[in-house]
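The values are calculated or read from the model by the stated rules, or taken from the named source; none is laboratory data. Only a predicted model underlies this, so the values are computations on that prediction, with no experimental measurement involved. Quick reminder, even Gly has a Cβ in these numbers, built from the backbone with ideal geometry, and neighbours come from all protein chains shown. The area values use the complete protein model at the heavy-atom level, side chains included, leaving out ligands, DNA and RNA. Shrake-Rupley method; radii C 1.70, N 1.55, O 1.52, S 1.80 Å.
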Amino acid sequence: MNYQTDVCIIGAGPGGALLAYLLAKQNISTILIERSDKLGKEFRGEHLNKDGEMILKKHHIFERIESLGLLRMSRVEYWKDGNIFKMIESENGHAGIHVPQQHLLQSINNQASTHPSYKLMLGTKVTELIQNEEGQYTGIKAQQKGRIEIMVESKIIIGADGRYSTVRKLAHIKNNIHNHGYDLLWAKIPAPANWDPSIKFALVKQQQVALFSQAKGFVQIGWNIEKGSYPALRKQSFKPFIQRLIDAFPSLNLSIERFIKSWLDFTLLSVQSSISEVWSKNHLLLLGDAAHTMTPTGAFGLNESLKDADLLSDLLHQVFYQNKDISETLRQFEKKRKPKLITLERIQFQREKEFQSHFISS
């Protein structure tokens, strides 16, 4: 089966999905390819800051997400010895918004589906990039449902397929990975009764523990551990380990005892940041985590992907309606966004280095 389109986007996460919608709205034919069989699989980086909120409001998506459910967090708290040590109230009324990825992607896809220039292909795995004699990327080959071979011819290919990007690997683009010295244990538990939505931090054995309130009455736990230490940690007794979390946040006692009973109730996330050596190459462009993977610090990842999509949709309008050169336009996107992401990566390193200073009395 063969298809033709103006833009082929691989990866239906927030950045890829938003870009597909914004292009389709401009009557730029767009095929969005997603490896999973459904949109909105659970995602851990679902924290929206003011930049991401502004973009979603700009494109009239935020209100639709809000109707499905989101959660504004009132403040940031630093806890020490089981009590609040320091509290920071937000100037704009909330310290961040939890947006379930399913609600975000459902809202974007519902809007995009109203445009005939938009096509979503689920359960589709890219297997090959197609190049012409000049080396320009002109399409992709893929498998649908593991058995149907398809080919998509496209003027522009966008790799928005995450930190382990297949597109980046197939295009032989080097990814510069930076180690931040820690990995992360994730868990999600029901919030206790009368839980005040907020972001809470504690210092446990000189490592950061973060609690993020979530929509539908949950708390997400992110516990920093030394890089590569998890195999040795799992050989130790679990009870003393989890008791440290209870001591840090006593109100979670019952929920922790009921829902975190062993190491199996945690998910390990290998933490790293990375910035690809080049983002644009022969009519192909990397977007979001495929180009710049962030650590959880500062919750930048989701928001930066949305900013990528917002800018790129404007630039691609110039390609298709003002006859701007494709290669130069994609390079222009990289020149505008890459320095900002390099700066953000430095900010993350600095915040991680300074975290312990929040627990020192002034």
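Hey, among the residues in segment 182-202 that are outside any strand (DSSP E or B) and open to solvent by 20 Å² or more (accessible area, probe 1.4 Å), which one's farthest from Tyr230 (Cα to Cα)?
Keep residues of segment 182-202 that are outside any strand (DSSP E or B), which gives 191-198.
Filter once more, keeping what is open to solvent by 20 Å² or more (accessible area, probe 1.4 Å): 191-197.
On the way: Ala191: 26, Pro192: 28, Ala193: 32, Asn194: 33, Trp195: 30, Asp196: 31, Pro197: 30 Å.
Among those residues, the one meeting the criterion is Asn194.
Can you tell me which residues in segment 118-149 are open to solvent by less than 60 Å² (accessible area, probe 1.4 Å) and within 16 Å of Ala12 (Cβ to Cβ)?
Residues satisfying the conditions are Tyr118, Leu120, Met121, Leu122, Gly123, Thr124, Val126, Ile140, Ala142, Gln144.
Would you check which residues across segment 229-259 are among the hydrophobic types (A, V, I, L, M, F, W, C) and closer than 20 Å to Ala191 by Cβ and list them? Don't jump to the end; show me each part of the working.
Taking segment 229-259 first, the residues among the hydrophobic types (A, V, I, L, M, F, W, C) are 232-233, 238, 241-242, 245-246, 248-249, 252, 254, 256, 259.
Ile242, Leu245, Ile246, Ala248, Phe249, Leu252, Leu254, Ile256, Phe259 - these are the residues of segment 229-259 that are among the hydrophobic types (A, V, I, L, M, F, W, C) and closer than 20 Å to Ala191 by Cβ.
What is the number of the single condition among (1) part of a loop (DSSP other than H, G, I, E, B); (2) open to solvent by 50 Å² or more (accessible area, probe 1.4 Å) that Asp161 does not meet?
Condition (2) is where Asp161 drops out.
Which condition number in (1) assigned to a loop (DSSP other than H, G, I, E, B); (2) open to solvent by less than 10 Å² (accessible area, probe 1.4 Å) is the one that Lys38 fails?
Of everything listed in (1) assigned to a loop (DSSP other than H, G, I, E, B); (2) open to solvent by less than 10 Å² (accessible area, probe 1.4 Å), Lys38 misses just condition (2).
What are the residues in segment 261-298 that are open to solvent by less than 20 Å² (accessible area, probe 1.4 Å) and either closer than 24 Å to Leu56 by Cβ or acidic (Asp, Glu) (or both), if any?
Matches in segment 261-298: Trp279, Leu285, Leu286, Leu287, Gly288, Ala290, Ala291, His292, Thr293, Met294, Thr295.
Report whether or not Ser107 is touching a residue at least 24 places away in the same chain (Cβ under 8 Å), open to solvent by less than 30 Å² (accessible area, probe 1.4 Å) and either in contact with a strand residue (DSSP E or B) (Cβ under 7 Å, 6 or more places away or on another chain) or of a type in the set (A, V, I, L, M, F, W, C) (or both). Steps first, please.
On the way: touching a residue at least 24 places away in the same chain (Cβ under 8 Å): yes; open to solvent by less than 30 Å² (accessible area, probe 1.4 Å): yes; either in contact with a strand residue (DSSP E or B) (Cβ under 7 Å, 6 or more places away or on another chain) or of a type in the set (A, V, I, L, M, F, W, C) (or both): no.
Against the criterion (touching a residue at least 24 places away in the same chain (Cβ under 8 Å), open to solvent by less than 30 Å² (accessible area, probe 1.4 Å) and either in contact with a strand residue (DSSP E or B) (Cβ under 7 Å, 6 or more places away or on another chain) or of a type in the set (A, V, I, L, M, F, W, C) (or both)), Ser107 does not qualify.
Which pairs have Cβ atoms under 7 Å, sit 6 or more apart or on different chains, and link a residue in segment 136-152 that is under 13 Å from Leu122 (Cα atoms) to one that is small (Gly, Ala, Ser) and not in a strand (DSSP E or B)?
Gln144/Gly123; Lys145/Gly123
Taking the condition open to solvent by less than 80 Å² (accessible area, probe 1.4 Å), within 20 Å of Gly162 (Cβ to Cβ), at pLDDT below 95 and among the hydrophobic types (A, V, I, L, M, F, W, C), does Leu18 pass? First the steps, then the outcome.
Details: open to solvent by less than 80 Å² (accessible area, probe 1.4 Å): yes; within 20 Å of Gly162 (Cβ to Cβ): yes; at pLDDT below 95: no; among the hydrophobic types (A, V, I, L, M, F, W, C): yes.
No: the conditions fail for Leu18.
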